[in-house]
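Novice: Quick one: the structure is below, and I'll ask about it shortly.
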Amino acid sequence: MSSNNTYYTLDRQLLSIHSEDRDYSKWPNANTFEIILPEAYMNIQSLRLLQISLPSNYYTFSNYYQNTKLSFKIKPKITTETMFHYLLSNTHNDYTITIQEGYYTEDELAYELQNKMNDAVTDYLISVGMSSTTVYDRIQIYYDSVSQKIWFGNTADQFILNFSSELSYDLSACDQTNIWDQYTKWGLPSYIGFNKETYTASTSSTDITFDYLGEDTDTTWLNASSNDVWYIEAPLTMNIRGEKNIYMEIEKYNSYDELYPYSELTSNTYNNDYGGKNKSAFAKIPVTLTPNNTIFNSNDLIGVSVFMPPLERLQKLKFKFRYHDGRLVDFKETPLDFTIEILYFKNAIQTKYNNPNVPSFYP
């Protein structure tokens, strides 16, 4: 080569980033934040997600995800009771409950729904004049672990599950999209196996049992010895284990392409809504939810962007963590951290050494 040629070496810099490094006044949520790098990097050949530690105790059910509310109606049937007239006067109004935000097993969610629904009716009865000791405890909810479906029941009164109407959530404190128009994950009923419909309970004059519980266990769920019972079986299986992947975006430096979910006009010549987004994400991070542990995904990560020609200058990075449907991840302020590998071309002066003297102790 002539003396005018410039020689370059490919150098490597590791950048450690923690969610606590962000400006909290600008970026209150860890799912979206920007940082200024400790120095400007030049002639960038590639960026790669080398390591990431994510909390696994973020929630499946969160007001942030708009999946904590449920509405229902009660139609009383036992006319001889004092509470009958109070319940009858409220037949056309919904009782709306809000479950505790968090991560549930199927049985835990069944108990949460059962208690919240009974409490909602109890609170109404007390508010309209019944004794403060009044307790409404007729709603029973059961998770059938064999069919993986949830059952709603009532030991005396007919009821309606109103899942066809959108429930309101306060999203003023977060930059989150409205999810009601989605085909899945559009609200709490979607997670427990229901569609956007109104479900009216069916009646039974005999006990509703689950025989697989065995001979030594009471197999009866709803006991119809005193009066008819009412029930609704979810048409679909429960799906409450959360997302399987988190998408990490780095603004301007993404390399993933994605298809848009929830297409419905793919056969149309005009207004066809089948399509995708180019360079929508930087990395797709597999997730295994185990509450109160930390997810370490260090080996099988695929997140890299290569620049040809090299990126001239890199001084700041903006990150976003979301799901495939666009919902931002609600980390609940649990810290996360990750490492970005930066490969860059470094100007190198070629030095030639002529016949150096070698010490005698080298072979």
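The values are calculated or read from the model by the stated rules, or taken from the named source; none is laboratory data. Here the structure is a predicted model, which means the values were calculated and not measured. Cβ atoms come from the backbone with ideal geometry, glycine included; neighbour counts cover every protein chain shown. These area figures cover heavy atoms from the full protein model, side chains too; ligands, DNA and RNA do not enter into them. Shrake-Rupley method; radii C 1.70, N 1.55, O 1.52, S 1.80 Å.
Novice: Test L328 against the criterion of being under 24 Å from E258 (Cβ atoms) and either open to solvent by 40 Å² or more (accessible area, probe 1.4 Å) or modelled with pLDDT under 90 (or both), and give yes or no.
Specialist: No, not satisfied.
Novice: If L70 passes every condition in (1) open to solvent by 10 Å² or more (accessible area, probe 1.4 Å); (2) closer than 30 Å to N227 by Cα; (3) in contact (Cβ under 8 Å) with a residue 24 or more places away in the chain; (4) not in a loop (DSSP other than H, G, I, E, B) but one, which one does it miss?
Specialist: Evaluating L70 over (1) open to solvent by 10 Å² or more (accessible area, probe 1.4 Å); (2) closer than 30 Å to N227 by Cα; (3) in contact (Cβ under 8 Å) with a residue 24 or more places away in the chain; (4) not in a loop (DSSP other than H, G, I, E, B) leaves (1) as the failure.
Novice: Confirm whether G153 is over 21 Å from Y59 (Cα atoms), among the small types (G, A, S) and at pLDDT below 95.
Specialist: So G153 fails the test.
Novice: Still on this structure, I have one more. When only residues in the range 257-281 that are open to solvent by 50 Å² or more (accessible area, probe 1.4 Å), hydroxyl-bearing (S, T, Y) and touching a Phe, Trp or Tyr at 6+ places or on another chain (Cβ under 8 Å) count, which is modelled with the highest pLDDT?
Specialist: Y260
Novice: With the condition kept exactly as written, say whether any residue in the range 90-101 is in contact (Cβ under 8 Å) with a residue 40 or more places away in the chain, part of a loop (DSSP other than H, G, I, E, B), open to solvent by 50 Å² or more (accessible area, probe 1.4 Å) and at positive phi.
Specialist: No, every residue in the range 90-101 fails to be in contact (Cβ under 8 Å) with a residue 40 or more places away in the chain, part of a loop (DSSP other than H, G, I, E, B), open to solvent by 50 Å² or more (accessible area, probe 1.4 Å) and at positive phi.
Novice: Considering only the range 185-193, I want to know if a residue exists there that is open to solvent by 20 Å² or more (accessible area, probe 1.4 Å), modelled with pLDDT under 95 and within 24 Å of P261 (Cα to Cα).
Specialist: Yes - at least one qualifying residue is present in the range 185-193.
Novice: Return the only residue of Y64, Y58 being closer than 21 Å to A281 by Cβ and assigned to a loop (DSSP other than H, G, I, E, B).
Specialist: Y58
Novice: Within the range 195-220, restricting attention to residues that are of a type in the set (V, I, T) and closer than 17 Å to Q140 by Cα, which residue is surrounded by the most Cβ atoms within 10 Å (Cβ to Cβ)?
Specialist: Only one residue fits best here, namely I208.
Novice: Still on this structure: Go through the range 34-84 and give me each residue that's touching a Leu at 6+ places or on another chain (Cβ under 6 Å) and basic (K, R).
Specialist: K69
Novice: Next question, about the same structure. Would you please name the residue that is farthest from Y323 (Cα to Cα), looking only at residues in the range 22-33 that are of a type outside the set (A, V, I, L, M) and open to solvent by less than 60 Å² (accessible area, probe 1.4 Å)?
Specialist: R22
Novice: Somewhere in the range 20-28, is a residue under 30 Å from W186 (Cβ atoms) and in contact with a strand residue (DSSP E or B) (Cβ under 8 Å, 6 or more places away or on another chain)?
Specialist: yes
Novice: Next question. Looking only at residues in the range 331-363 that are in a strand (DSSP E or B) and open to solvent by 80 Å² or more (accessible area, probe 1.4 Å), which one is modelled with the highest pLDDT?
Specialist: K346
Novice: Tell me which residues, restricted to the range 102-129, are assigned to a loop (DSSP other than H, G, I, E, B) and surrounded by fewer than 16 Cβ atoms within 10 Å (Cβ to Cβ). Give the steps one after another, and end with the answer.
Specialist: Keep residues of the range 102-129 that are assigned to a loop (DSSP other than H, G, I, E, B), which gives 103-105, 128-129.
Matches in the range 102-129: T105, V128, G129.
Novice: Still on this structure, please answer the following. I want to confirm something. Restricting to the range 73-89 and keeping residues that are in a helix (DSSP H, G or I) and of a type in the set (S, T, Y), which single residue is most open to solvent (accessible area, probe 1.4 Å)?
Specialist: T82
Novice: Moving on to the next point. Just name the residue that is most open to solvent (accessible area, probe 1.4 Å) out of those in the range 238-256 that are charged (D, E, K, R) and under 20 Å from the mean Cα position of the chain (by Cα).
Specialist: Within the range 238-256, the match that is most open to solvent (accessible area, probe 1.4 Å) is K244.
Novice: Looking at (1) open to solvent by less than 80 Å² (accessible area, probe 1.4 Å); (2) at pLDDT 85 or above, find the lone condition where K316 falls short.
Specialist: So the condition that K316 fails would be (1).
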